[in-house]
Amino acid sequence: MFKYASHPGLKAHADNLPVHVAIIMDGNGRWAKRQNLSRTKGHIQGVQTVREVIGACQEKNISVLTLFAFGVENWKRPTKEVRNLFRLFFLVLRKDIAKLHENSIKLKIIGDRTVLHKALVSAINEAEDLTRHNTGLQLNIAVNYSGRWDLLNGIQKLMKDPMSKKDINEDAISQVLSLAGLPEPDLFIRTGGVQRISNFMLWELAYTELYFTNTLWPDFNKSAFELALNDYASRERRFGLTAEQLG
Ligand code: FPP
């Protein structure tokens, strides 16, 4: 309730739903192995979950959803898997963009694009341009992203500007990050049984409620998402205050 004063368009939900949910989608590979399928088939199934969770966010009027699709450390995976993952992003982007637009979803891709394939960068630019003025769910997808990259990149921008050099404070840093202007995540979810932040949104997760589940991403359906939302709703967020101060 304190965090959104500067974001008049994004008010906290009365029924204790998060405004911004950030997710690390983990477990596609293990899901595929269990079904005797290739890892790529696991990622393909993971895309179905992405669609289901987007639908659930729309239904519940969640304003912002940020998904970690590919981290800078993921380049270390087998070349074939990396190639297939990027092929999948490209195909999904091309295939789903009209539907996202119809649903008034505003898409933003965050991460270092300088090393991405030209065709993918063009598809990203087109998708962002098409959906720029949409007013529904804000969908952020992190591709070749890391929280440290984002901070470093932002601080370098600040250092280049002689005006800002004198006055580097928390607000100034928040304003040069990829998700500047959006409220910080209220709820962070990581599927796949691992309890780590893995270099995701390091600055923005400072006060976020963390939720970890053993469910593998392809199995993370709407009811699993609702369990996470219910867990979040039961938590008391203090932002450093005492329980008494919160009344
Ligand atoms: C983690 O599972 C998943 C990824 C590194 C890729 C996530 C990508 C998708 C869900 C599909 C594409 C998404 C969009 C938004 C188009 P893992 O491979 O680390 O699984 P494991 O830990 O079981 O091996």
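The values are calculated or read from the model by the stated rules, or taken from the named source; none is laboratory data. Bear in mind that the values here come from a model prediction, so they are computed numbers and not experimental data. Positions of Cβ are generated from backbone atoms using ideal geometry, with glycine treated the same way; all protein chains shown enter the neighbour counts.
Taking the conditions exactly as written (at pLDDT 95 or above and either within 15 Å of the ligand (Cβ to nearest atom) or touching a helix residue (DSSP H, G or I) at 6+ places or on another chain (Cβ under 7 Å) (or both)), does residue 16 satisfy them or not? Here the answer is no, as residue 16 does not meet what is asked. Here is a check on your reading of the model: is residue 26 within 15 Å of the ligand (Cβ to nearest atom) and either modelled with pLDDT of 95 or more or of a type outside the set (D, E, K, R) (or both)? Spelling it out, residue 26 is indeed within 15 Å of the ligand (Cβ to nearest atom) and either modelled with pLDDT of 95 or more or of a type outside the set (D, E, K, R) (or both). When we screen 223, 198 for residues that are polar (S, T, N, Q), touching a Gly at 6+ places or on another chain (Cβ under 9 Å) and modelled with pLDDT of 95 or more, the only hit is 198. Residues in segment 69-86: is at least one more than 7 Å from the ligand (Cβ to nearest atom), surrounded by 20 or more Cβ atoms within 10 Å (Cβ to Cβ) and modelled with pLDDT of 95 or more? No. Within segment 141-175, if we keep just the residues that are crowded, with 20+ Cβ neighbours inside 10 Å and of a type in the set (Val, Ile, Thr), the residue that is nearest to residue 207 (Cα to Cα) turns out to be 141.
Residues considered: 216, 179. Of these, the only one that is out of contact with any strand residue (DSSP E or B) (no Cβ under 6 Å at 6 or more places or on another chain), under 17 Å from residue 148 (Cα atoms) and buried (at least 21 other Cβ atoms within 10 Å of the Cβ) is 179. Can you work out which of the residues in segment 35-68 that are of a type in the set (Ser, Thr, Tyr) and more than 9 Å from the ligand (Cβ to nearest atom) is surrounded by the most Cβ atoms within 10 Å (Cβ to Cβ)? Among those residues, the one meeting the criterion is 66. So for segment 228-245 (the condition being acidic (Asp, Glu) and at pLDDT 95 or above), does at least one residue qualify? Within segment 228-245, one or more residues are acidic (Asp, Glu) and at pLDDT 95 or above. Evaluated against (1) surrounded by 21 or more Cβ atoms within 10 Å (Cβ to Cβ); (2) more than 13 Å from the chain's Cα centre (by Cα); (3) over 17 Å from residue 147 (Cβ atoms), residue 186 falls short on exactly one condition, (2). For segment 193-213, a residue qualifies if it is in contact (Cβ under 8 Å) with a residue 24 or more places away in the chain and out of contact with any strand residue (DSSP E or B) (no Cβ under 8 Å at 6 or more places or on another chain), and the qualifying residues are 202, 203, 207. Restricting segment 114-132 to residues that are exposed (fewer than 14 other Cβ atoms within 10 Å of the Cβ) and in contact with a strand residue (DSSP E or B) (Cβ under 8 Å, 6 or more places away or on another chain) leaves a set whose member that is nearest to residue 59 (Cα to Cα) is 132. Of the helices (runs of 4 or more DSSP H) lying entirely inside segment 8-127, the ones with 2 or more residues being touching a Ser or Thr at 6+ places or on another chain (Cβ under 7 Å) are found at 79-102.
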